[in-house]
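A.B. asks: Have a look at this one.
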Amino acid sequence: MTSRERLLLSIADELERVATLTEDVGANIAAEIDFTPANLDKLQAIDVAAQTQRLVATLLRDMMTDAPEHCLDRVGMEALRRRLAAGLSPVMIEEAA
C-alpha cells in the first residue's frame, strides 16, 4: 500500500470518527431539548452532517479499488453526489445526475 493510499484510509477513518461524534452530539441534544419543529430541523441537519461524513469516508475507501465515476454512482445522497460530481469532467456530471 502506498503512502497516498494509507493517508486516504486514515482520512476515511477520521471522517467515520467525526461522524460518530456528530451523532453522539445529536443524540445528547435530542435528549435535552423540547421537540419543536425548529429543533427537529436542527437535529435533522446534524444527522445529515453525520451521514455525509460516512458517505465521504466510504467513497474514499471505494476509490482505492474502483474508478471515481463508479464510486460516485454508489453515493446514496443525491445532493452530495451532484456536488462531488462537479469535480469530474462535464460528461461525468451529466452521468451522475
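A.B. asks: From the list 40, 7, exactly one residue is open to solvent by 50 Å² or more (accessible area, probe 1.4 Å), closer than 20 Å to residue 65 by Cα and free of Cβ contacts under 8 Å to residues at least 24 places away in the same chain. Which is it?
C.D. replies: Exactly one of 40, 7 is open to solvent by 50 Å² or more (accessible area, probe 1.4 Å), closer than 20 Å to residue 65 by Cα and free of Cβ contacts under 8 Å to residues at least 24 places away in the same chain, namely 7.
A.B. asks: Okay, next question. Just checking, which of 41, 47 is more than 20 Å from residue 4 (Cα to Cα) and out of contact with any Gly (no Cβ under 9 Å at 6 or more places or on another chain)?
C.D. replies: 41
A.B. asks: Give me the pairs: first residue in region 62-84 and part of a loop (DSSP other than H, G, I, E, B), second residue surrounded by 15 or more Cβ atoms within 10 Å (Cβ to Cβ) and of a type outside the set (Gly, Ala, Ser), beta-carbon distance under 6 Å, and six or more apart or on different chains, which are they?
C.D. replies: As it stands, the answer is 63/71; 75/55; 75/81; 77/55, since those pairs meet every condition given.
A.B. asks: Considering every residue within region 21-31, establish whether at least one is closer than 18 Å to residue 86 by Cα, modelled with pLDDT of 90 or more and open to solvent by less than 50 Å² (accessible area, probe 1.4 Å).
C.D. replies: Within region 21-31 (the criterion being closer than 18 Å to residue 86 by Cα, modelled with pLDDT of 90 or more and open to solvent by less than 50 Å² (accessible area, probe 1.4 Å)), the answer is no, since none of the residues qualifies.
A.B. asks: On to the next question. Regarding residue 10, is this residue among the small types (Gly, Ala, Ser) and at pLDDT 85 or above?
C.D. replies: Considered against the rule, which asks whether it is among the small types (Gly, Ala, Ser) and at pLDDT 85 or above, residue 10 comes out as yes.
A.B. asks: State all residues of region 21-37 that are touching a residue at least 24 places away in the same chain (Cβ under 8 Å) and closer than 30 Å to residue 64 by Cα; if no residue qualifies, say none.
C.D. replies: 22, 23, listed by residue number.
The values are calculated or read from the model by the stated rules, or taken from the named source; none is laboratory data. Because the structure is a prediction, the values reported are computed rather than measured. Cβ: placed from backbone, ideal geometry, glycine included. Neighbour counts: every protein chain shown. To get the accessible areas, we keep the full protein, side chains included, count just its heavy atoms, and leave off ligands, DNA and RNA. Shrake-Rupley method; radii C 1.70, N 1.55, O 1.52, S 1.80 Å.
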